[in-house]
Structure formats: C-alpha cells, structure tokens
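What follows is a single structure, written as structure tokens, with notes after it.
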Amino acid sequence: MQEASTRSIYNVWAHFYDHTMGRGVQRRQQLAIDRMNIRPGERILDVGIGTGLSLDLYPQHCKVTGIDISEGMLAKAAKRIEQYGYKFANLSVADALNLPFSDASFDHVFVTHVITVVSDPVRLIDEMRRVCKVGGKIVIVNHFLSGNRFAAALEKLLRPICEKIGWRSDLSLEYLIEKTGLPVDYRYKLDSVDVWETVFATNDGPKQPCIAA
Ligand SMILES: C[S@@+](CC[C@H](N)C(=O)[O-])C[C@H]1O[C@@H](n2cnc3c(N)ncnc32)[C@H](O)[C@@H]1O
C-alpha cells in the first residue's frame with residue numbers, strides 16, 4: 001500500500017464506511033476504550049481515526065486528537081464533532097508514518113483497523129511509541145494473519161484483492177512484535193471465531209537503536 005493511493009481509496013470509502021462497517025467497528029472499539037480506563041484530562045491520540053466512529057465512545061472528560069491521511073474520512077469525523085458537540089476532540093490531516101507531534105505528547109495511543117492499511121506497519125508502531133508517554137497504553141484493534149494454516153493460506157491468497165479495497169490481509173502479529181519489540185500485555189478476540197483482535201501494550205519508550213559491539 002502506498003499512502004497516496006490509500007488516501008484516494010479512503011476518500012471514496014468515506015461515503016459509505018459508516019453504513020457498511022460502523023456497527024462492527026464500534027463494537028470492537030467500545031470494549032477496548034472501556035478497558036483503557038481513561039482518566040480525566042488524559043490526552044489520547046487516535047491514529048487513522050477515519051470517520052470518527054470512536055468519538056461516540058470516549059469518555060468526554062479526556063482530550064482526543066484524531067489524525068488521518070484522508071480528508072474525505074476526516075470531513076465525516078468533523079461533521080460528527082459538530083453534530084454531537086464533541087468539545088473534547090480535535091482533528092488534523094497527517095501521515096501516521098510521520099506523526100507531527102513531539103515525543104511523549106500523549107498519555108495513550110489508540111489505533112483501530114489501520115495497521116494493515118499503512119505501507120510500513122513497523123514504522124507506525126515506532127511512531128506511536130515515540131509520541132506516547134512511557135507507561136501509557138498503546139491499544140491496537142486489527143485483523144491479523146490467522147494462526148490456522150488453511151485460513152492463513154486463504155488470507156495470503158486474498159491479499160491482492162484486499163489491497164484494491166485499501167488493506168492487506170496477511171500481516172502477522174507475531175512478525176510485528178518481533179520486528180518492533182512492542183511489549184504486549186494481553187490480547188483478546190470478542191468472539192471465539194473472530195478475525196479481529198485487540199492488543200494492549202504498555203509503552204516502554206521509543207525503540208532503541210542497535211549499537212554494534
Ligand atoms: C479502515 S479505516 C479505519 C478508520 C477508523 N480507525 C475505524 O476503525 O473506523 C483506515 C483509516 O486509516 C487511514 N490511514 C491509512 N493510512 C494512513 C496514514 N499513513 N496516515 C494516517 N491515516 C491513514 C485511512 O485514511 C482510513 O481512514
């Protein structure tokens with residue numbers, strides 16, 4: 001996936017995203033946000049916030065910054081903020097792979113259904129760790145490559161088709177953890193047969209560069 005084509009694809013998705021994906025997306029987001037135990041005044045970065053479905057679910061005592069590369073998706077989120085008077089939220093167009101925030105700007109970082117959309121998921125994790133305070137939560141909701149080898153073979157086969165509609169189907173969570181060293185606390189699925197997974201990690205700071213002996 002390239003960011004320029006992603007932006008075009010999601011500018012189109014913006015017109016029907018909520019009607020097709022809305023209910024399932026919010027179901028997964030709701031439990032994750034509840035489990036984040038967000039305290040009054042805490043700052044949350046919502047990476048790739050899209051149409052802002054998550055905004056209906058945050059406690060209004062926090063401060064949410066939503067960024068997205070697609071102006072079309074963000075326009076829907078802005079409409080939602082205006083319609084419901086969500087004073088706790090602000091939005092900006094930005095690339096998640098180069099977040100325009102200084103280190104440790106946020107208490108927690110939330111990213112739903114985005115890791116398999118960006119061109120470089122490892123860099124995305126690195127960026128989220130950089131802008132999140134040490135000890136803050138990094139919470140990821142996404143589809144990952146199945147542990148079942150038949151399902152995984154199908155997901156690999158489907159990758160070219162999935163890429164045309166804006167995401168890849170064959171990203172393995174184990175690969176991501178190995179490459180980033182993200183310290184995962186726990187992970188869960190909402191149902192026993194579920195292709196989406198939620199991952200909770202506690203940020204231990206930006207990844208340290210390897211120093212040759
Ligand atoms: C499948 S949607 C998910 C939207 C929202 N998080 C949700 O769960 O409903 C993926 C979103 O990621 C955004 N996105 C993809 N690549 C991005 C990037 N490099 N930087 C910022 N946003 C990006 C897309 O524009 C789109 O809004």
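Condition first: in contact with a Gly (Cβ under 6 Å, 6 or more places away or on another chain) and part of a loop (DSSP other than H, G, I, E, B). Can you find one or more residues in segment 54-67 that meet it?
No; the residues of segment 54-67 include none that is in contact with a Gly (Cβ under 6 Å, 6 or more places away or on another chain) and part of a loop (DSSP other than H, G, I, E, B).
Specify which of the listed residues (Arg123, Arg168) is under 30 Å from Asn11 (Cα atoms), part of a loop (DSSP other than H, G, I, E, B), within 16 Å of the ligand (Cβ to nearest atom) and basic (Lys, Arg).
Arg168
Can you tell me which residues in segment 143-164 are touching a residue at least 40 places away in the same chain (Cβ under 8 Å) and in contact with a helix residue (DSSP H, G or I) (Cβ under 7 Å, 6 or more places away or on another chain)?
Matches in segment 143-164: Phe144, Ser146.
Residues of segment 10-26 being out of contact with any Phe, Trp or Tyr (no Cβ under 9 Å at 6 or more places or on another chain), surrounded by 13 or more Cβ atoms within 10 Å (Cβ to Cβ) and in a helix (DSSP H, G or I), which ones?
Listed by number, the residues that qualify are Asn11, Val12, Trp13, Asp18, Gly22, Gln26.
Go through (1) within 16 Å of the ligand (Cβ to nearest atom); (2) modelled with pLDDT of 95 or more and name the single condition Phe144 misses.
(2)
To keep it simple, each residue is scored yes or no on (1) more than 15 Å from the chain's Cα centre (by Cα); (2) at pLDDT 95 or above.
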| position | (1), (2) |
| --- | --- |
| Asp126 | no, yes |
| Gly136 | yes, yes |
| Arg168 | no, no |
| Leu171 | no, no |
| Lys207 | yes, no |
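State which residue is farthest from the ligand (Cβ to nearest atom) when the search covers only segment 52-75 and only residues that are touching a residue at least 60 places away in the same chain (Cβ under 8 Å) and surrounded by fewer than 21 Cβ atoms within 10 Å (Cβ to Cβ). Before you say what the answer is, go through the steps one by one.
To start, the set of residues in segment 52-75 that are touching a residue at least 60 places away in the same chain (Cβ under 8 Å) comprises 69-73, 75.
Subsequent filtering for residues that are surrounded by fewer than 21 Cβ atoms within 10 Å (Cβ to Cβ) retains 71-72, 75.
Working: Glu71: 9, Gly72: 8, Ala75: 11 Å.
Out of the qualifying residues, it is Ala75.
Regarding Ile49, is this residue surrounded by 19 or more Cβ atoms within 10 Å (Cβ to Cβ), more than 11 Å from the ligand (Cβ to nearest atom), at pLDDT 95 or above and not acidic (Asp, Glu)?
no
Examine segment 87-96 for a residue that is crowded, with 22+ Cβ neighbours inside 10 Å, at negative phi and within 12 Å of the ligand (Cβ to nearest atom), and state whether such a residue exists.
yes
Within segment 122-139, how many residues are free of Cβ contacts under 8 Å to residues at least 60 places away in the same chain and either surrounded by fewer than 22 Cβ atoms within 10 Å (Cβ to Cβ) or farther than 16 Å from Leu171 by Cα (or both)?
Qualifying residue count for the region: 3.
Looking at segment 33-46, which of the residues that are of a type in the set (Asp, Glu) and touching a residue at least 60 places away in the same chain (Cβ under 8 Å) is nearest to the ligand (Cβ to nearest atom)?
Of segment 33-46, the ones of a type in the set (Asp, Glu) are 34, 42, 46.
Subsequent filtering for residues that are touching a residue at least 60 places away in the same chain (Cβ under 8 Å) retains 42, 46.
Details: Glu42: 19, Asp46: 7 Å.
Among residues in segment 33-46 that are of a type in the set (Asp, Glu) and touching a residue at least 60 places away in the same chain (Cβ under 8 Å), the one nearest to the ligand (Cβ to nearest atom) is Asp46.
Checking the condition within 28 Å of Phe16 (Cβ to Cβ), at pLDDT 95 or above, touching a Phe, Trp or Tyr at 6+ places or on another chain (Cβ under 7 Å) and hydroxyl-bearing (Ser, Thr, Tyr), which residue from Ser70, Ser92 passes?
It is Ser70.
The values are calculated or read from the model by the stated rules, or taken from the named source; none is laboratory data. Keep in mind the model is a prediction, meaning the values are calculated, not measured. Virtual Cβ from ideal backbone geometry, glycine too; neighbours counted across all protein chains shown.
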